Amino acid sequence: MQRVKLLGFGIDDLDFNGAIDYALKRKGQVVTINPEMIDWASNHPDFAKIIENAELVIPDGIGVQIGLKLKGHNIKRIAGVEFAYQLLSKVKSAALIGAKPEIIEKTVENLKKDFPNLDIVYFHDGYFKNDEEIIPEVVNKKPELLLAALGSPKQEEFIYKLKPQLPDTIMVGVGGSFDVWSGEVKRAPVIFQKLGLEWLYRTVKEPKRFKRIFPTLPLFVLKVLWSR
Ligand code: UDP
């Protein structure tokens, strides 16, 4: 597998199915990287180290796809929410950590319907005070897949901490995926997704996201251009 560099961060050159197969075989931490994370990592060496040490780094979002393209790499973005959903269909057991209490409950309920053969061995909302409340129990369950929906960088830090204790688990930080699976948040219509405009749809629906995307996204593209 080839790992290409974008602003100093390695991103794996795999398509959707290739990334799924790799994660299932390799196990470990999967980072679904976006411009906001690259931005944060550029100023936070501890977070940069987590990305560098991830077993798999996949490009989540149009920003990273454009950045890669400007560097001459034709790598298609992989939506983290779809990637994680596909993994759920391939494993026997999973632990889910994150989102608000009512959201995680609804997510578990929906996933049990979607994947009747999946054993959800552990779940917890994402508003715990101390990691130690969670970690011993999760480690004890040894899930094949662990999804952490705590937002970035929290979810990546949490997974990184767990990693040495769960060497045979695939662990993915999935951001707002539980909000989607619970039915609380709707993804953009497919046409927006296809055009790479999901960010636009989400920003219009939820204007406070504007601050997160702007100016990060255009600045990110400029930085990639300057880095040539
Ligand atoms: N979240 C959480 N604990 C926290 C902060 C956030 O469980 O301390 C959850 C939040 O409820 C949401 C998810 O983390 O379900 C991240 O949402 P966000 O919209 O930031 O995700 P992204 O846009 O990164 O996909």
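Side notes on the structure shown:
- Residue 206 open to solvent by less than 90 Å² (accessible area, probe 1.4 Å), among the charged types (D, E, K, R), within 13 Å of the ligand (Cβ to nearest atom) and over 16 Å from the mean Cα position of the chain (by Cα): yes
- Candidates 132, 102 - the one that is more than 26 Å from residue 163 (Cβ to Cβ) and either open to solvent by 40 Å² or more (accessible area, probe 1.4 Å) or over 19 Å from the mean Cα position of the chain (by Cα) (or both): 102
The rows are residues; the columns are (1) outside any strand (DSSP E or B); (2) small (Gly, Ala, Ser); (3) modelled with pLDDT of 95 or more.
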| residue | (1), (2), (3) |
| --- | --- |
| 84 | yes, yes, yes |
| 94 | no, yes, yes |
| 107 | yes, no, yes |
| 111 | yes, no, yes |
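- Residue in the stretch 220-227 that is away from the ligand (no atom under 16 Å from the Cβ), under 25 Å from residue 76 (Cβ atoms), among the β-branched types (Val, Ile, Thr) and surrounded by 17 or more Cβ atoms within 10 Å (Cβ to Cβ) present: yes
- Within the option set 44, 73, being over 26 Å from residue 166 (Cβ atoms) and modelled with pLDDT of 95 or more holds for one residue only, 73.
- From 78, 62, residue being in contact (Cβ under 8 Å) with a residue 60 or more places away in the chain, more than 14 Å from residue 177 (Cα to Cα) and within 17 Å of the chain's Cα centre (by Cα): 62
- Residue list for the stretch 82-116, restricted to those being of a type in the set (A, V, I, L, M) and more than 20 Å from residue 28 (Cβ to Cβ): 99, 103, 104, 108, 111
- As a summary of the residue check, residue 47 satisfies the conditions (1) surrounded by 22 or more Cβ atoms within 10 Å (Cβ to Cβ); (2) closer than 18 Å to residue 174 by Cα except for the one numbered (1).
- Identity of the residue in the stretch 181-200, open to solvent by less than 40 Å² (accessible area, probe 1.4 Å) and within 22 Å of residue 19 (Cβ to Cβ), that ends up farthest from the ligand (Cβ to nearest atom): 196
The values are calculated or read from the model by the stated rules, or taken from the named source; none is laboratory data. Note that the structure is predicted; figures quoted are calculated from it, not measured. No Cβ is skipped: glycine too gets one built from the backbone with ideal geometry, and neighbour counts run over all protein chains shown. Just so you know, the surface numbers come from the protein's heavy atoms only, side chains and all, with ligands and any DNA or RNA stripped out. Shrake-Rupley method; radii C 1.70, N 1.55, O 1.52, S 1.80 Å.
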